[in-house]
Amino acid sequence: MLLKTTGTALLFLALAGAAGMALAGPAADSANQHFKAIGAGDIEQLARSYAGDAILQWVGGPLDGVYSGEARLRELWSKFTAAQGKLDVQVGNLQESANPKGATVTANVQFKGKAAIKVRYVLTYRDGRIVNEVWQIDPNLA
């Protein structure tokens, strides 16, 4: 009986992997909340997601640059929100890698509003907060 149950569980996991189904962890959940906060223009939620010394690398577009610390990150998201307004958010290919020291989440995110903005995202978490964020504009994302 144990062999049959184990075989069924393994089959489910294999099929889930083949279908592209990923088991999300806490960092993936936080990343999804972060993406939704960007789409909603929720500056307060965004500010709470960062560690005090967080760094955001924005690669491409008019906001290209390096932003560090709460004041600069608030300023960045305020500019972005003012320019873009509310955005529809579509997340694809989200993957989480984690160990006891922290987690990294990668995803392809498309923000749709006045324009479609395709972003390859990399978020690094320590103690449940973002310490490093890469916003890579990638017009070729599917």
Could you run the Karplus curve 6.51 cos²θ - 1.76 cosθ + 1.60 with θ = phi - 60° over region 27-37 and give me ³J(HN,Hα) per residue in whole Hz, x for Gly and Pro? 5, 5, 4, 5, 4, 4, 5, 4, 4, 5, 5
In order over region 54-64: 3J(HN,Hα) from phi, Karplus 6.51/-1.76/1.60, θ = phi - 60°, whole Hz, x for each Gly or Pro, gives 4, 10, 10, 9, 9, 10, x, x, x, 9, 3
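Taking the Cβ of residue 128 as the centre, find all other residues whose Cβ is under 14 Å away and add up their charges (Lys, Arg: +1; Asp, Glu: -1).
Local net charge: +1.
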Can you compute the charge dipole magnitude of region 43-120 about its Cα centre, using +1 on each Lys and Arg Cβ and -1 on each Asp and Glu Cβ, nothing else charged? Give it in debye, rounded to the nearest 20. 220 debye
Label-reachable residues, region 102-142, where backbone N falls under 20 Å from a point 7 Å from residue 82's Cα toward its Cβ: 113-115
Expressed in nanometres to one decimal, the distance between label points 7 Å along Cα→Cβ at residue 45 and residue 63 is 1.5 nm
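Since every read-out is calculated from the coordinates, none of them should be taken as a lab result. Since this is a predicted model, take the numbers as computed values, not measurements. Here the Cβ is made from the backbone with ideal geometry for all residues, glycine too, and neighbour counts use every protein chain on show.
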